């Protein structure tokens, strides 16, 4: 299956370009995708998956044609 993946530049996912199409095995969850990018579960808890403009959980099973944005809230002061 294919999805569109977007992410902020500071995530530095070098194997894919933000806004590009990715080929995945059917049944993969967002967490499994992040595992494949070597993002630790400690860091995954700070990532909010936005799928087709709706907030989802990391255990969401991705579907063919999904548009996934990996939102990472950043604060400062």
For residue 2, state whether it is in contact with a strand residue (DSSP E or B) (Cβ under 6 Å, 6 or more places away or on another chain) and more than 21 Å from residue 73 (Cβ to Cβ). yes
Please count how many residues of the stretch 24-47 are exposed (fewer than 15 other Cβ atoms within 10 Å of the Cβ) and touching a strand residue (DSSP E or B) at 6+ places or on another chain (Cβ under 7 Å). 1
Select from the stretch 1-19 the residues that are within 17 Å of residue 62 (Cα to Cα) and touching a residue at least 40 places away in the same chain (Cβ under 8 Å) and write down the one among them that is surrounded by the fewest Cβ atoms within 10 Å (Cβ to Cβ). 2
What's the total number of residues in the stretch 18-36 that are assigned to a loop (DSSP other than H, G, I, E, B) and within 18 Å of residue 71 (Cβ to Cβ)? 2
Condition met for residue 58 (on the phi < 0 side of the Ramachandran plot, surrounded by 11 or more Cβ atoms within 10 Å (Cβ to Cβ), touching a strand residue (DSSP E or B) at 6+ places or on another chain (Cβ under 9 Å) and assigned to a strand (DSSP E or B)): no
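Here, each number is a calculation from the coordinates, and none is a lab measurement. Values in this document were obtained by computation on a predicted structure and should not be read as measured data. We place every Cβ from the backbone using ideal geometry, glycine too, and count neighbours over all the protein chains shown.
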